[in-house]
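Here's the structure, in structure tokens; my notes come after.
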Amino acid sequence: MTATAATEETIEIPPWPEDVVPPPSDLPYDDGERMESPWHNGTATLLVAGYLASRGGRFDDFYAGINMFLYYSSQQVRNRDYKGPDVFFVKNVDGTRKRLYWAIWDEEGRYPNVIVELLSPSTESTDLNEKKQLYEEVFRTPEYFCIAPQVERMYGWRLEKGAYVPIQADERGWLWSEELGLWIGRWEGLFLNLHATWARFYHPLGELVLIPEEAEHQRAEAERQRAEAERQRAEAERQRADDLAARLSALEAELQRLRGEQS
């Protein structure tokens, strides 16, 4: 498996039309709608938290958006077509800067490096067709992934020579993201009080990327096991000391008996 460097392209930043109201500083950023289901919300959270964890908890050189409006053209604003991807990642930007939405003209023409759409019956056709075409031909997003609920299906495409080429899954059914340097695969477990099959990130060698809560639990469990091993060692030492004391006491009693017989 080798990583292929993404080709840098010169992007023309769309100008803001003076006749469109509201101005960029006052664009809508919330439609009041939540994500489709707890699975959609949890998967989006796990992906963003996982990528942040893989970066050592630092987000000063990338930005991740969840269910965030993404503005890329004046026509989009005129049509009130605000809704953006379920999850997107933009590399080499200041992720510490607070944003209510992602507007291309405010970000030096930067489009997402990776987009993930979480499929549902109401959005699947759009995600696999219109949005795929938009991300391929307009955004020129290097990688695009679509994931069905419970990770029953996963699709991925990588931009090569200006067109999306399917990313082939490995024998585990995982998809490799060259942009993020991680695998996307299935994980079954409890998250947000829901036991389900989630999409998670895995390190290149296959280890699960632990989110902070899991890493802390693992650290605490390792400390508990260390303390238990230390307790068992101390108990074994105490038992050996007690056994030695008992043997010495028995020898002392035997010596006293022998001295009594000789006197």
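So for the range 132-143 (the condition being assigned by TED's automatic domain parsing to the domain that holds LEU194, touching a residue at least 60 places away in the same chain (Cβ under 8 Å) and polar (S, T, N, Q)), does at least one residue qualify? Before you say what the answer is, go through the steps one by one.
Initially, the range 132-143 is screened for residues assigned by TED's automatic domain parsing to the domain that holds LEU194, giving 132-143.
So of that shortlist, the ones also touching a residue at least 60 places away in the same chain (Cβ under 8 Å) come out as 138-140, 142.
From what is left, the residues that are polar (S, T, N, Q) are none.
Looking for residues that are assigned by TED's automatic domain parsing to the domain that holds LEU194, touching a residue at least 60 places away in the same chain (Cβ under 8 Å) and polar (S, T, N, Q), one finds none in the range 132-143, hence no.
For the range 256-263, the count of residues that are outside any helix (DSSP H, G or I) and at pLDDT below 95 is nonzero.
Of all residues in the range 51-82, count the ones that are farther than 23 Å from GLU214 by Cα and modelled with pLDDT of 85 or more. Before you say what the answer is, go through the steps one by one.
Going through the range 51-82, the residues farther than 23 Å from GLU214 by Cα turn out to be 61, 67-82.
From the residues that got through so far, the ones that are modelled with pLDDT of 85 or more too are 61, 67-73.
The qualifying residues number 8.
Scanning the range 136-151 for residues that are over 13 Å from ARG200 (Cα atoms), of a type outside the set (A, V, I, L, M, F, W, C) and out of contact with any Leu (no Cβ under 9 Å at 6 or more places or on another chain) yields a single hit, GLU137.
Among the listed residues GLU230, GLU216, which satisfies the condition of being within 39 Å of the chain's Cα centre (by Cα), without any contact (Cβ under 8 Å) to a residue 60 or more places away in the chain and under 30 Å from GLY56 (Cα atoms)? Let's see the steps before the verdict.
Numbers: GLU230 fails: under 30 Å from GLY56 (Cα atoms).
After applying the criteria, what remains is GLU216.
Within the set ILE147, ILE167, the sole residue that is farther than 25 Å from VAL77 by Cβ, in the same structural domain as SER73 (by TED's automatic domain parsing), among the β-branched types (Val, Ile, Thr) and in contact (Cβ under 8 Å) with a residue 60 or more places away in the chain turns out to be ILE147.
The values are calculated or read from the model by the stated rules, or taken from the named source; none is laboratory data. Since we're looking at a predicted model, the values are computed, not measured. Heads up, the Cβs are rebuilt from the backbone with ideal geometry, glycines too, and the neighbour counts pull from every protein chain shown.
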